[in-house]
1. Kindly sort M80, M107, M85 by accessible area of their heavy atoms, largest first, with the probe set to 1.4 Å.
2. In vacuo Debye scattering of the chain, one point per C-alpha: log10 I(q)/I(0) at q = 0.18, 0.24 Å⁻¹?
3. Between C15 and I76, what is the spin-label point distance in nm, taking each point 7 Å from the Cα along the Cα→C-beta axis?
4. Pull up all non-local amide H partners of F21: gap of 5 or more, or a different chain, and H-to-H distance under 5 Å with H placed in the peptide plane.
5. With every protein chain left in place, what is the accessible area of F28 in Å² (1.4 Å probe, nearest 10)?
6. Would you work out which of M107, T23, T50 lies farthest towards the positive end of the dipole of the chain, given +1 charges on the beta-carbon of Lys and Arg and -1 on that of Asp and Glu, about the Cα centre?
7. Quick check: residue separation of T23 and M57 times 0.36 nm, minus the Cα distance between them. What number comes out in nm?
8. Ignoring ligands, DNA and RNA, what percent of the 1.4 Å accessible area of segment 54-117 is carbon and sulfur?
Amino acid sequence: MSYIDKVLKGTCPKCQETKVFKTKGNPFLFKLPVMHPRCSKCNYSFHRETGFYFGAMYVSYAWTVAEMVAVFVLGIIFNMSYLNMFIAVVIVLLILSTFNYRISRLMWLNMFYNEEDDI
């Protein structure tokens, strides 16, 4: 299974059976997604060490910048005013905030999963 498939599936990087997140979160209710501490099938720890997900913030930042640039380019293509583009960027980022949180953590977790460590 490829890295992209593992990330999009959102399951344990070791056994690919248990979902990493209990809840998806809701940006309108200010609720962040909640992760399971361990895989219920293979007991793989999703909380590797203190500060493990610090790097995932940079991945989330990259996603956010890409989304802002995409909205800005679409705003230019559709000849929107800068104020309307700013409002569109804020709305898109609010809606996608929990997605960015989940996808960046899944990318980080899968990026540092090493099968040789489990042997």
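1. Putting M80, M107, M85 in descending order of accessible area: M80, M107, M85.
2. The Cα Debye sum returns log10 ratios of -0.94, -1.38.
3. 4.9
4. When sequence neighbours closer than 5 places are left aside, the close amide H contacts are H36.
5. 130
6. In the chain, that residue is T23.
7. 10.3 nm
8. The C+S portion of the solvent-accessible surface of segment 54-117 is 74 percent.
The values are calculated or read from the model by the stated rules, or taken from the named source; none is laboratory data. Everything quoted here is computed from the prediction, not taken from an experiment. All Cβ positions, glycine included, derive from the backbone under ideal geometry; neighbour counts span all protein chains shown. When the accessible area is computed, the model is the full protein with side chains, heavy atoms only, and any ligands, DNA or RNA have been set aside. Shrake-Rupley method; radii C 1.70, N 1.55, O 1.52, S 1.80 Å.
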